[in-house]
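Below: the structure, in structure tokens.
Bear in mind these aren't lab numbers, they're just calculated from the coordinates by the rules spelled out. The structure presented is a predicted model; accordingly, all values stated were derived computationally and were not measured. Cβ coordinates were reconstructed from backbone atoms using ideal geometry, including for glycine residues, and neighbour counts include every protein chain displayed.
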Amino acid sequence: MRKLFILVTLISLFLLFGCGTGQEVLTDESEVVLEPIVSETEAGDYVIRLISEKSEYAADEPVKITAKLKYVGEKEEVKIYHAYSPFWFDIRETTRGIDIPYVMPLPLLETTLKRDEWFVQEYTKVGSYAEGDDSPEVEFMKRFLEGEAFPPGEYEIELRTDFYTGSIDEKEEEHNYTTSILIQVLD
């Protein structure tokens with residue numbers, strides 16, 4: 001019984017600390033280095049992963065976000081059908097309560113996923129606002145869309161997939177998965 005307790009405790013600690021969570025690491029020079037923050041969801045034959053280069057960015061620093069999709073089923077490869085991308089990045093700046101819309105063209109595209117190989121896409125800033133509107137939300141969106149940095153604040157980033165399998169004419173199965181991370185941009 002004691003061995004079982006120790007084994008369960010060790011497994012729990014491994015699961016708790018084994019995932020990348022954007023924790024700080026102290027180097028030999030006592031410099032704080034932020035590790036990547038990773039969130040992953042495994043659902044059936046697919047794995048999605050959302051990665052931020054780090055959990056905290058400076059106000060003038062480019063924010064690096066990456067989405068990954070992997071097929072892990074029994075077939076050598078599968079074809080998926082999706083809009084311009086199988087990924088949607090839903091971002092909310094939680095300090096101000098502002099949702100940043102993710103817009104993309106909606107053609108019907110086909111992508112072949114090979115088993116155990118990642119399909120990778122870097123996040124590119126997109127959004128929209130109404131010209132002539134001088135509300136705080138529009139002013140924020142204008143600042144957000146400038147350059148590669150995000151305005152200071154706290155951001156919840158949810159990665160969503162939206163694709164289907166089957167054929168271009170007939171949906172066999174829809175695949176909608178999510179995973180999310182939280183990052184901060186400091187003043």
- [ ] Could you tell me the convex hull volume per residue, in Å³, taken over the Cα atoms of the range 99-186?
- [x] 143
Task: FRET E, pair Glu173, Val103, Förster distance 30 Å, beta-carbon r, rounded to 0.05 - done: 0.70
Task: Rounded if a/c under 1.5, otherwise prolate or oblate - the range 20-186, Cα gyration tensor axes - done: oblate
TODO: Would you mind pulling out the separation of the Cα centroids of the range 130-187 and the range 89-111, in Å?
DONE: 3
